[in-house]
1. Which whole-percent values make up P(r) of the stretch 1-106 when all C-alpha to C-alpha distances are grouped in 5 Å steps starting at zero?
2. Once every DSSP H run of n ≥ 4 in the chain is given -39500 (n - 2.57) and the sum is divided by its residues, what mean residue ellipticity at 222 nm do you get, rounded to the nearest 500 deg cm²/dmol?
3. With unit charges on the beta carbons (Lys and Arg positive, Asp and Glu negative) and the dipole taken about the Cα centre of the chain, which residue among Trp234, Phe299, Ala316 sits farthest to the positive side?
4. In a shell of Cβ-Cβ distance under 10 Å around Gly227, excluding Gly227 itself, what net charge do Lys and Arg (+1) and Asp and Glu (-1) give?
5. When the gyration tensor of the stretch 130-257 is built from Cα positions, what are the square roots of 5 times its three eigenvalues, in whole Å, from largest to smallest?
6. Please give the Cα centre distance for the stretch 284-310 versus the stretch 131-149, rounded to the nearest Å.
7. Counting trypsin sites (Lys or Arg not before Pro) as exposed when in a DSSP loop with at most 11 other beta carbons within 10 Å, what is the longest stretch of the chain free of them?
8. Just to confirm a number: summing +1 for Lys and Arg and -1 for Asp and Glu over residues other than Thr150 whose beta-carbon lies under 13 angstrom from that of Thr150, what do you get?
Amino acid sequence: MAVRARAFWLAAPGRGEIRPVPLAPPGAGEVLVRTLHSGVSRGTETLVFAGKVPSNQYPTMRAPYQDGDFPAPVKYGYLNVGLVEEGPAELVGRTVFCLYPHQTRYVVPASAVTVVPDGVPAARAVLAGTVETAVNALWDAAPLVGDRVTVVGAGMVGSAVAGVLARFPGARVQLVDADPGRAGIAAAFGVDFALPADAAGERDLVVHASASSAGLARALELLAPEGTVVELSWYGDRPVTVPLGENFHSRRLVLRSSQVGTVSPNVRGRRTFADRLALALELLADPAFDALLTGPCDFEELPEVLPRLVSGELPALCQVVDYGNPTADQ
């Protein structure tokens, strides 16, 4: 029987819509997945929705199963958890994570899905892509036991980094954000919280994820001599000012980038993309990560929800999207 689906598309910058999508039956080595939940990655997806992806980053910013091209029309997203309805016997009936956009059903190679561990609720599993980014950042940063570590920016990615660091032996972790309301996230993970002016100094490592020049400047100020800032922010098309005068040279500070598109060179010979994602899903057994979830909203509400996320009217880190009637597409 033919299967139909519905997908969320960015029709034009600032305007989304739900479109029908015909699906071919799964072939050998493929799976048909019915979406249970997807997640809106506030940082990246709001930049896409607002049409602010720089033209020279169009190839880099493509999602694995994106349709269309930037700036629009485009079907974009990469946090999807669903139930395998057809495919290899060992996967049928399993809950899986896939880097797929917001769509009610989809067909992908079986190798594109990762089974969600039994101890991880499906809604929380939408954070797998974000926690995977945090894992890669910490592979890049390579913190040592007992390090003094600060995360500047308690958004979705920064908070995920703090959540992973909270498990690190002996690490003294502080989460810094200009919004005092983010203190609750730090409390959920059991790490310290501070406003930027009150942040602790002399840090061995600072992970910067505020996507602001002010946050990056403060991150450099917080370092001990020969300390490192790992830059995780994505700025879109905004110019960034980096203070490389003052103490940058005299204190021999390090500023380096981290990006999830490649496995960290520190472990590349020993870990794969699949290993990294599987580890992220294992870490999500910790219920503290629920502090990053907002919502849910219904799939049909996405055209109204995305503009509210962009404007800030709807505060969220990861907006969870629920999918309704499983028979509606047939």
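Nothing in this text is a laboratory measurement; each read-out follows from the coordinates by a stated rule. Every value quoted in this text rests on a predicted model; they were computed, and no experiment measured them. Don't worry about glycine lacking a Cβ; one is built from the backbone with ideal geometry, like all the others, and counts go over all protein chains shown.
1. Histogram of Cα-Cα distances, whole percents per bin: 2, 13, 21, 23, 16, 12, 8, 4, 1.
2. Computed mean residue ellipticity for the chain: -6500 deg cm²/dmol.
3. Trp234
4. Value of the local net charge: 0.
5. 20, 17, 14
6. Spelled out, the Cα-based centre of one part sits 26 Å from the other.
7. Longest site-free region, per DSSP loop and neighbour criteria: 1-251.
8. Taking every other residue near Thr150 into account, the sum is -3.
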